[in-house]
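Chemist: Below you will find the structure I want to go over with you.
The values are calculated or read from the model by the stated rules, or taken from the named source; none is laboratory data. The structure displayed is predicted, hence computed values, not measured ones. No Cβ is skipped: glycine too gets one built from the backbone with ideal geometry, and neighbour counts run over all protein chains shown.
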Amino acid sequence: MSNSGNTIFPLYKAGIFQYRSRQESPTDRIERLEQAIRKANQKIDFIVCPELFISGYGNPDDIKKYAEKMDGQFSKSISQLAIKFKTSIIYGYPELNSNKLFNSAQCFNKDGKFVANHRKTILPRTGYEIELFSPGQKNSSFQINDMNIALVICYELEFPEIIRASAKNKTNVIIAPTGQSNEWPAAARYISRSRAFENGIFVIYANYCGTNNNINFMGESKIIDPKGLDIVAANDKEELIIGEIDLNLIQKVRNRLPYLEDSKKIKM
């Protein structure tokens, strides 16, 4: 559903599970997610976990060890968790398909049904990702209630062209699972907020915290409104943060700052 006209949208609750990266099994990670949801003790429309949540980010051996098909055992556990708490769950995992590995993220809805699977289309040229993973071939979008969601993974958020194209295609929420270290803080602190502000959309930025695999993850997961301001933000500890998504704000912001419309006037 678009944000135009006189439609009045209800408020939705979005959550981010900022997981502290550590050496443990996917089953233990999923159990920690369950504990965090139970502790929150409230209705949440969807919850986002970090990039490669199932295997952890930064260890090629673990990524290969825990890689699975879209309908693998860990995905079934996530699906059951979605049913249990009546919430959609978006999480990152290493996907094995036709002897290829993909850095993927998928969504199960509150009924535990598969909704979308996204394969990271642009891989960083330095580090293990470019050597380990095959790139995905298309952008991914899906719908939860009135939220038209585009799913991007980490590095993809740093390309304004991807987000602008999604916004022009009626996206009103960007979900970005990430594995961002404190070596490159601009992505979490500035770029994610800029993507929201320059397109008049919500951005859900889900990161790790802690130190693991020789990576100091910076945390600072956040839910950002169309004004480019934080609705809620994490610090550097493991926690489930929750914020309200008010889609009615989008049109108000775009009426005042019509970046999408005015971008049509740009001549190169």
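Chemist: Considering each of Ile89, Ile78, Ile16, Ile37 in turn, give the residue that is farther than 18 Å from Ile204 by Cα, under 19 Å from the mean Cα position of the chain (by Cα) and at pLDDT 95 or above.
Modeler: Ile78
Chemist: Related question: Only one residue in Ala82, Ala67 is crowded, with 17+ Cβ neighbours inside 10 Å, of a type in the set (Gly, Ala, Ser) and out of contact with any Gly (no Cβ under 7 Å at 6 or more places or on another chain). Which one?
Modeler: Ala67
Chemist: Could I ask something else about it? Would you mind stating whether Gln73 is touching a residue at least 60 places away in the same chain (Cβ under 8 Å) and surrounded by fewer than 18 Cβ atoms within 10 Å (Cβ to Cβ)?
Modeler: Criteria not met by Gln73.
Chemist: When you go through (1) of a type outside the set (Gly, Ala, Ser); (2) part of a loop (DSSP other than H, G, I, E, B); (3) modelled with pLDDT of 95 or more one by one for Asn3, which number turns out not to apply?
Modeler: (3)
Chemist: Can you give me the number of residues within segment 222-263 that are over 19 Å from Lys39 (Cβ atoms) and of a type in the set (Val, Ile, Thr)?
Modeler: Result for segment 222-263: 5.
Chemist: Of Glu156, Glu161, which residue is surrounded by 21 or more Cβ atoms within 10 Å (Cβ to Cβ) and closer than 12 Å to Thr121 by Cβ?
Modeler: Glu156
Chemist: Moving on to the next point. Would a scan of segment 45-53 turn up a residue that is surrounded by fewer than 21 Cβ atoms within 10 Å (Cβ to Cβ), among the β-branched types (Val, Ile, Thr) and modelled with pLDDT of 95 or more?
Modeler: Looking for residues that are surrounded by fewer than 21 Cβ atoms within 10 Å (Cβ to Cβ), among the β-branched types (Val, Ile, Thr) and modelled with pLDDT of 95 or more, one finds none in segment 45-53, hence no.
Chemist: Condition first: in a strand (DSSP E or B) and either over 26 Å from Ser98 (Cβ atoms) or in contact (Cβ under 8 Å) with a residue 12 or more places away in the chain (or both). Can you find one or more residues in segment 130-140 that meet it? Explain how you work it out, then say what you get.
Modeler: Step one: of segment 130-140, the residues in a strand (DSSP E or B) are 140.
Going one step further and asking which of them are either over 26 Å from Ser98 (Cβ atoms) or in contact (Cβ under 8 Å) with a residue 12 or more places away in the chain (or both), we end up with 140.
Checked segment 130-140: at least one residue is in a strand (DSSP E or B) and either over 26 Å from Ser98 (Cβ atoms) or in contact (Cβ under 8 Å) with a residue 12 or more places away in the chain (or both).
Chemist: Would you check which residues across segment 45-67 are more than 20 Å from Cys209 (Cβ to Cβ) and either in contact with a strand residue (DSSP E or B) (Cβ under 6 Å, 6 or more places away or on another chain) or among the hydroxyl-bearing types (Ser, Thr, Tyr) (or both) and list them?
Modeler: Asp45, Phe46, Tyr66, Ala67
Chemist: Would you confirm, using the coordinates I've provided, whether Ile47 is within 21 Å of Ile204 (Cβ to Cβ), without any contact (Cβ under 8 Å) to a residue 60 or more places away in the chain, among the aliphatic types (A, V, I, L, M) and in contact with a helix residue (DSSP H, G or I) (Cβ under 9 Å, 6 or more places away or on another chain)?
Modeler: On the way: within 21 Å of Ile204 (Cβ to Cβ): yes; without any contact (Cβ under 8 Å) to a residue 60 or more places away in the chain: no; among the aliphatic types (A, V, I, L, M): yes; in contact with a helix residue (DSSP H, G or I) (Cβ under 9 Å, 6 or more places away or on another chain): yes.
When the stated conditions are applied, Ile47 does not pass them.
Chemist: Restricting the search to segment 177-201, which residues are touching a strand residue (DSSP E or B) at 6+ places or on another chain (Cβ under 8 Å), free of Cβ contacts under 8 Å to residues at least 60 places away in the same chain and either in a strand (DSSP E or B) or among the polar types (S, T, N, Q) (or both)?
Modeler: Of everything in segment 177-201, those that are touching a strand residue (DSSP E or B) at 6+ places or on another chain (Cβ under 8 Å), free of Cβ contacts under 8 Å to residues at least 60 places away in the same chain and either in a strand (DSSP E or B) or among the polar types (S, T, N, Q) (or both) turn out to be Gln180, Ser181, Asn182, Ser192.
Chemist: Still on this structure, please answer the following. Identify the single condition in (1) surrounded by fewer than 18 Cβ atoms within 10 Å (Cβ to Cβ); (2) basic (Lys, Arg); (3) closer than 14 Å to Gly228 by Cα that Lys168 does not satisfy, given that it satisfies every other one.
Modeler: Tallying (1) surrounded by fewer than 18 Cβ atoms within 10 Å (Cβ to Cβ); (2) basic (Lys, Arg); (3) closer than 14 Å to Gly228 by Cα, Lys168 fails exactly one: (3).
Chemist: Among the residues of segment 209-226, which ones are more than 29 Å from Phe197 (Cα to Cα) and outside any strand (DSSP E or B)?
Modeler: The answer is Asn213, Asn214.
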